[in-house]
Amino acid sequence: MKILVVEDEVPLLESLSSFIRQEGHTCEISSGYLDASQKIDLYNYDLLILDVGLPDGNGLDLIPQLKSRCPETGVLILSAKSSMDDKVAGLDSGADDYLGKPFHLAELNARIRAIYRRRFFSGREKLEFGNIELRLSEKIALVNNEPIELTRKEFELLEFFLTNPNRVLSKESIAEHLWGDAIDSSDSFDFVYSHIKNIRKKICEKGGIDCIKTIYGLGYKYLVE
Ligand code: CA
């Protein structure tokens, strides 16, 4: 995808753009409202990642301008975690999704992938690695072409791993992905552990290979060759 990131915190802008490029997307950057406004008038993007609080304007005001010219462009809003008003206003004005700061890059990646699937595959994309296949819109997981029974959270967790292959996912980022910002972390880590244990067991029962590696002290990684 071709993505425009609009963010006035330069270190964050730089880390987002280098991450997005590593993921294989084209990434353009803008650090202010007026600059972004000119860019969206001149160029086409598949996705706009938009900070709300810009020094020279409110990022949300760019959405109608964007949508009038390129209604198919996806919008992901970045805003302070506490700002429920931004979330509601953003989704009302046509944004696809909202991510509260601070966030984990793996979570950003999951949101980008979800928007990508909706835009380009009508939500029907499959994720396939080795003998594991996830049918994302149907929420079905198959091992060696046989369905396995996963709970909703187990499915979401496996999907999170498969959208972030070979990347260490911390227990915190997994817990936030599954339960959102409000989750109490110490309890949720036990849940993460038991979900992973169950997924491993169910994959192995069908003769699949357990690719979830525990990275001691850091989290987990889904290994893909
Ligand atoms: Ca800002």
Helices (runs of 4 or more DSSP H) wholly inside the stretch 142-225 containing at least 1 residues that are in contact with a strand residue (DSSP E or B) (Cβ under 9 Å, 6 or more places away or on another chain) and open to solvent by 50 Å² or more (accessible area, probe 1.4 Å): 171-179, 185-205
Within the stretch 1-48, tally of residues that are in contact with a helix residue (DSSP H, G or I) (Cβ under 7 Å, 6 or more places away or on another chain), of a type in the set (A, V, I, L, M) and either within 14 Å of the ligand (Cβ to nearest atom) or in contact (Cβ under 8 Å) with a residue 40 or more places away in the chain (or both): 9
Residue list for the stretch 62-96, filter: acidic (Asp, Glu), open to solvent by 40 Å² or more (accessible area, probe 1.4 Å) and touching a helix residue (DSSP H, G or I) at 6+ places or on another chain (Cβ under 8 Å): Glu72, Asp96
Residue ID - nearest to Val143 (Cα to Cα), chosen from residues in the stretch 196-210 that are in contact with a Leu (Cβ under 9 Å, 6 or more places away or on another chain) and modelled with pLDDT of 95 or more: Ile203
The listed residue being under 19 Å from the mean Cα position of the chain (by Cα) and either in a helix (DSSP H, G or I) or free of Cβ contacts under 8 Å to residues at least 12 places away in the same chain (or both), out of Lys67, Lys87: Lys87
The stretch 55-111, residues that are of a type in the set (A, V, I, L, M, F, W, C), more than 15 Å from the ligand (Cβ to nearest atom) and at pLDDT 90 or above: Ile63, Leu66, Val75, Ala95, Leu105, Ala106, Leu108, Ala110
Any pair with Cβ under 9 angstrom, 6 or more apart, that starts in the stretch 193-220 at a residue that is under 11 Å from Leu158 (Cα atoms) and ends at one that is among the aromatic types (Phe, Trp, Tyr) and in a strand (DSSP E or B): Ile196/Tyr220; Cys211/Phe129; Cys211/Tyr222; Ile212/Tyr220; Ile212/Tyr222
So Gly100, is it touching a Lys or Arg at 6+ places or on another chain (Cβ under 6 Å) and part of a strand (DSSP E or B): yes
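The values are calculated or read from the model by the stated rules, or taken from the named source; none is laboratory data. What you see is a predicted model; the values in this text were computed from it and never measured. When we count neighbours, we look across all protein chains shown, and the Cβ atoms used for this are built from the backbone with ideal geometry, even at glycine. Only protein heavy atoms, including side chains, enter the accessible area calculation; ligands, DNA and RNA are left aside. Shrake-Rupley method; radii C 1.70, N 1.55, O 1.52, S 1.80 Å.
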